[in-house]
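These notes concern the structure reproduced below.
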Amino acid sequence: MSTGKVTRTEVKSNIKAGTANRTFLVVVDTSEELKAALRFACRRVARTGDSIALFHVVPQTEFHHFATIGELMDQEARTEAKRLLQKVAAEVRQQTGRLPSLYIRQGDPLDQLLEVLDEEPTISVLVLGAGTGNEGPGLIVSALSGKLAGRISIPVTIVPGNLSNERIDALT
């Protein structure tokens, strides 16, 4: 079972209340394909006036021998996750002029994603970057035809990680 929310930070966007119809949820990690997924979502939002939310999962620490060490490892992982999301949020603001909502969770990535989607009715589109290397497309993209099949009730946009900025701009 998942551990639930660690923290949720909502940052007010520059959009006037009631004008944004959809929220594009971008799954944030440290992969190269994030750049393509983020640009795709930002370009869509810049053109439509919708909003972006960023989602990141901190893995649950498996260090049980010394509780204090495990707690320190969890705190360090959350701090690093916040830094990553702030960096990506700055990129969103640069590309769209708006700040995104931020979701940081701890636990199983698939379970936490489903929980956020269930809890937040404003999220209308899930945007994922697909890896193009030998490692495969990524955990969540791979799970769409398995564990997540039929459990996500919003459109999912999978952006190939090797798309150029020019190609993304043409598509959006």
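Condition (residue is out of contact with any His (no Cβ under 6 Å at 6 or more places or on another chain), hydroxyl-bearing (Ser, Thr, Tyr) and either part of a helix (DSSP H, G or I) or at positive phi (or both)) applied to segment 37-52: is it met by at least one residue? Yes: one or more hits. When ALA53 is tested against the conditions (1) crowded, with 17+ Cβ neighbours inside 10 Å; (2) touching a strand residue (DSSP E or B) at 6+ places or on another chain (Cβ under 7 Å); (3) modelled with pLDDT under 95, the lone failure is (3).
For segment 147-164, taking the residues that are polar (S, T, N, Q) and loosely packed, with under 12 Cβ neighbours inside 10 Å, the one that is nearest to the chain's Cα centre (by Cα) is identified as SER153. Looking across segment 98-115, the residues that are within 13 Å of the chain's Cα centre (by Cα) and closer than 21 Å to PHE40 by Cα come down to PRO100, SER101, LEU102, TYR103, LEU113.
The values are calculated or read from the model by the stated rules, or taken from the named source; none is laboratory data. If you're wondering where the values come from, they're calculated on a predicted model, not measured in any experiment. Cβ sites come from the backbone with ideal geometry, for glycine too, and all protein chains shown count toward neighbours.
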